[in-house]
Amino acid sequence: MSLGESDGSNYHESMPLPGKIWRHITFGTYNSWLPGDPRGFRDHDHRVHSGGDHRCQPPQGEHDGLHEYAKRHSGKPIVIRKADRLIVLQSIRRKLDSMEHRFVIIASCAMHVHVLVELPDDGKLIRRFVGQLKRTASHALRNVSPGRVWARGGNHEPVVTRAHHRAVYDYLRRHDKAWVWTLKDGVFFNG
C-alpha cells in the first residue's frame, strides 16, 4: 500500500506503525556472492568470515583460495538481463501491494534486489516474507530463466532513524544499472 495518502515527498518522515519496523531487504541471485568473495563474506554459521564486508573491503587476497575453489565448484552466477529486471521489479511491486505492506522504493539489479519496506519486527515472518518475494519474482521469470534464480537467505537490515531511512532511499534511488520504482517518481532505469 506504499505510503497511503502521502505523495512520497515526505516519505522519510513516516514513522513505522506500532509493532513494525522499516527494513532494508536485500537478496541476491544464485552464485552471485560466493565464499571467499573479495567484497567480504560470512558462512551461514560464521565459522569462516572475512576481515571486512561490502562497505569496508577485507584485506586483499585474504581468502583467494577459497573463492577460486567456490567458483570452480559452484557454476556460473545468475545475471538478470536489463529487460527482465523490470519484470522482477513489477512482480515484486504487485506482490507488495497485495500484501498491504508500506514500501517506498524497490531496486531491481542484475544480481540482486533491494526493497525498503515496513514489516513486523519478527525474524521468522521477515524470512517468510523474503521467500514470498523471491518466489513471486522467480515465477515471473520462469519463461526466460527457468530453474533456480535466487540464492538462499538475504539481508533484512533494520532502518530505525529518519537519517538512515533517507540514506537507504537515496542509495537505492541512485543504484547503477537498476530498474527503480519509487513512490514519488514511479518506474525508471538508472543507467
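Descriptive notes on the structure:
- Contact annotation: residue pairs with Cβ atoms under 6 Å, 6 or more positions apart or on different chains, pairing a residue in the range 90-101 that is closer than 19 Å to I126 by Cβ and of a type outside the set (G, A, S) with a partner that is at pLDDT below 95 and part of a loop (DSSP other than H, G, I, E, B), are E100/M1.
- Matching residues, the range 103-129, being β-branched (V, I, T) and assigned to a strand (DSSP E or B): V104, I105, I106, V113, V115, V117
- One residue stands out in the range 65-88 among those that are buried (at least 16 other Cβ atoms within 10 Å of the Cβ) and at pLDDT below 95: the one that is farthest from F27 (Cα to Cα), namely L66.
- Scope the range 115-128; condition surrounded by fewer than 22 Cβ atoms within 10 Å (Cβ to Cβ) and touching a strand residue (DSSP E or B) at 6+ places or on another chain (Cβ under 9 Å); matching residues: E118, P120, D121, G123, L125, I126, R127
- Subset of the range 93-112 [out of contact with any strand residue (DSSP E or B) (no Cβ under 6 Å at 6 or more places or on another chain) and of a type in the set (A, V, I, L, M, F, W, C)]: M99, A110
- Exactly one residue out of G153, G186, G147 is of a type in the set (G, A, S), farther than 26 Å from G131 by Cβ and in the same structural domain as F103 (by TED's automatic domain parsing): that is G186.
- Counting the residues of the range 112-126 that are at pLDDT 95 or above and closer than 23 Å to P77 by Cβ gives 3.
The values are calculated or read from the model by the stated rules, or taken from the named source; none is laboratory data. The structure displayed is predicted, hence computed values, not measured ones. Ideal geometry is used to build each Cβ from the backbone, glycine not excepted, and the neighbour counts take in all protein chains shown.
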